[in-house]
Amino acid sequence: MAKFNFNLRDPKSKTDYAIHLVIRWNNNRIVIPLRERIRPKFWETDIKKRNFQRAVETKQFPEYPEFNARLDKILHDAKEIFRKYENDNDHHQPTPEILRKLIQSKFNPAPRNNDRTFFNFVTQLIAESEHRINNRTGKIFSPSTIQVYKNTLRVLNEFEKIKRKRINFDSINLDFYHEFTHYLTKELRLSTNTIGKHIKVIKTFMSEATERGINTNLAFRSKRFQVVSENTPSIYLSEVELEELYKLDLSSNPRIERVRDLFLIGCWTGLRFSDFSNITQENIQDDQIEITTKKTVEPVIIPFHPVVKGIMSKYRGKYPNSLPPAISNVKMNEYLKELGSMTEGLQITASTMITKAGIQKTTQHKKYELLTTHTARRSFATNLYLSGFPSISIMAITGHRTEKAFMRYIKITPDNNAKNLRLHWQNNNNLKLA
């Protein structure tokens, strides 16, 4: 017999979160994100209460009767879909794929024919994405991805109004591509990577519409409908440079000392700022960090590096997680440059090149001026790769899905490659002169 329940995506959140319909039957389980959203404090989790898995009856949430009525209707419809399939198929139960499709068509129907304009479709797609499973990752779309979608939709709306160019499925062709990228380049003066991001999102919109049978124009799949990109001006810190930071005597400047220590935690764990700045006592288990990353919702386990152990011993007893308290990403990026200016090794000049408004520019910076919180994660990946640690194992921690993306991420210079080749030849004792 099938069981139907409602769950919250994040029961500890302080903001509204989507409700999921969970269906279990015959060792099968599917999760259907719903349009309904609620703040967890208004959600009843006590199984003994009459309104378990419903909104609590409180004046703080006055719309609870209508809200719960909608959930009751969803539950009734879902059960009816399941029963109807059994009745129509000689009492055979649906597969997870079939039931998911039936439920989705009921609660998230495709747009009506007269609503199938490009902008209507994209607007609906973005709304769905707030509670829809990403087929590529198997997880709910992240807020950052949804914001990227919204940004592209906004730019497209502005382009249509300013240029008086009708945008619909049939008009997104190579002519559109050239006019739109010219607009982004010359009038908005965007960088190459930002332009590429907008094109990538448009291709995502068109691909989704094609999969749903709404679009038949395949010009977006042309090789000339290209997602442009270039290497961004970013750096990593070598193990020698990290050691210099670690040995700095900052006892007279506790503010910078805490920033340095937190940054080094990132350098020796490979976690993003959103993760290494939110490590809790519960994440620390048996000389290792066990955490589910915020962006990719992937569980990772990272053993303590000696530097991490040293830092934790310094803060043990001062804070529950034995780590320095986090500050905002903006403030930390500001303080990191102040920290880097105190080291001799980061006084070297680094050249960066970026294309903006179609013009390639080279600028000179002191290396410490390019320090950001993300430098920590890039340093972790690059140093491990240079040490000979397997790429596949590094990718399991950093979350890169392809080696191609990983190799673009790390910073390997021609000098690094020459040193690696020289070391390989030195260690290969089988080579003999003729």
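Read-outs: derived from the displayed coordinates by stated rules, not from any lab. The structure displayed is predicted, hence computed values, not measured ones. Note that we place each Cβ from the backbone using ideal geometry, even for glycine, and neighbour counts take in every protein chain shown.
Worth a mention:
- Structure-based [θ]222 nm, the chain - -39500 (n - 2.57) summed over DSSP H runs of at least 4, per residue, nearest 500: -14000 deg cm²/dmol
- Once the Cβ-Cβ distance of ASN231 and ARG70 is raised to the sixth power relative to R0 = 45 Å, the FRET efficiency obtained is 0.35.
- Between THR210 and VAL330, the distance separating the two model label sites (each 7 Å from Cα on the Cα→Cβ line) works out to 4.1 nm.
- Residues whose placed amide H lies under 5 Å from that of ILE289, excluding near-sequence neighbours: ILE302, PHE304
- Given charges at Cβ of Lys, Arg, Asp, Glu: region 279-339 dipole, positive-most of ILE279, PHE304, LEU336: LEU336
- The structure shown yields Rg and Dmax of the Cα atoms in Å, and of the options [x] 23.2, 72; [y] 26.4, 90; [z] 22.1, 66 that calculated value carries the label [y].
- Gain in span if fully extended, LYS161 to ASP16, counting 0.36 nm per residue against the direct Cα distance: 48.8 nm
- Placed amide H near ILE30: partners under 5 Å, 5+ positions off or other chain: ILE23
- Net charge dipole, region 296-392: roughly 100 debye, given to the nearest 20, about the Cα centre with Cβ charges of +1 for Lys and Arg and -1 for Asp and Glu.
- About the Cα centre, charge dipole magnitude for the chain (Lys/Arg +1, Asp/Glu -1 at Cβ), debye: 740 debye
- Total lysine pairs in region 3-109 at Cα distances under 19 Å, for residues eight or more apart or on different chains: 20.
- Efficiency of FRET from Cβ geometry, LEU250 and GLN364, R₀ 35 Å, rounded to 0.05: 0.80
- Within a straight-line Cα-Cα reach of under 12 Å, LYS337 can be paired with the following aspartates and glutamates, leaving aside sequence neighbours fewer than 8 residues apart in one chain: GLU369.
- Most fluctuating residue given options ASN87, ASN151, ASN231, as computed from a GNM of the chain linking Cα atoms under 10 Å: ASN87
- Helical segments meeting 24 Å axial Cα length and Kyte-Doolittle -1.0 threshold in the chain (DSSP H): 143-163, 192-211
- With a Förster radius of 25 Å applied to the beta-carbon distance between ASP77 and LYS41, the computed FRET efficiency rounds to 0.35.
- Taking a straight Cα-Cα cut-off under 18 Å and skipping sequence neighbours fewer than 8 places away in the same chain, the lysines within cross-link reach of LYS161 are LYS150, LYS186.
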